[in-house]
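The values are calculated or read from the model by the stated rules, or taken from the named source; none is laboratory data. Because the structure is predicted, anything quoted here is derived from the model rather than measured.
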Amino acid sequence: MTDDPLAELTCGDDDRAERAIPAILKLGAAAIPRLLELAQSQDSDSRWWAARALAASPHARTSDLVPFLGDSNPEIRAAAALGLSHHPGGDALPALIKAMGDSDPLTAGLAANALVNRSRAGGSIERSHPRSARAVRDPRSPRHPRHDAVYSGRLCPAGVLGAVGLGTARTGYDIY
């Protein structure tokens with residue numbers, strides 16, 4: 001292991017990179033700018049490790065993880081969705097709702113879980129992002145046309161949407 005735990009993330013050895021995470025967390029907020037720089041790498045492994053470290057850091061903001069949901073690599077999108085379960089800020093809601101329709105089932109499920117965690121943390125999609133909530137509950141909404149699978153329950157069971165306040169008991173809307 002080198003003296004720079006951030007350099008370990010890009011060493012090419014997953015075990016060494018994973019062992020570097022606690023040392024990176026000890027760096028505190030000082031590690032965040034370097035992780036965000038690493039997130040811009042052309043190398044997908046580097047971006048994945050940046051997402052992994054940011055997800056573990058209590059100093060990362062929700063907005064640090066949201067861009068990963070749009071990555072071309074499904075593993076990175078899944079890492080970001082998992083990380084957002086631990087950083088349930090309201091600014092992630094539109095991206096998480098969109099990610100529930102991700103072509104990668106793992107990412108879609110993790111995005112739904114992140115929304116449930118947001119609800120458990122006292123957040124409400126209805127209050128903070130009414131337009132996004134409407135897109136999930138109203139299949140006629142043009143805002144997120146890829147949510148057909150969500151409405152039919154293939155990717156997101158009704159219980160998950162109900163848990164985040166989008167079910168009939170709370171909103172008066174049906175879950176499709």
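Couple of notes before you dig in:
- Among the residues of the stretch 35-84, the one identified as basic (Lys, Arg) and not in a helix (DSSP H, G or I) is Arg61.
- Pick from the stretch 81-105, criterion over 8 Å from the mean Cα position of the chain (by Cα) and within 19 Å of His59 (Cα to Cα), ranking: modelled with the lowest pLDDT: Pro88
- Hey, Glu37 modelled with pLDDT of 95 or more, farther than 24 Å from Ala112 by Cα and not β-branched (Val, Ile, Thr) or not: yes
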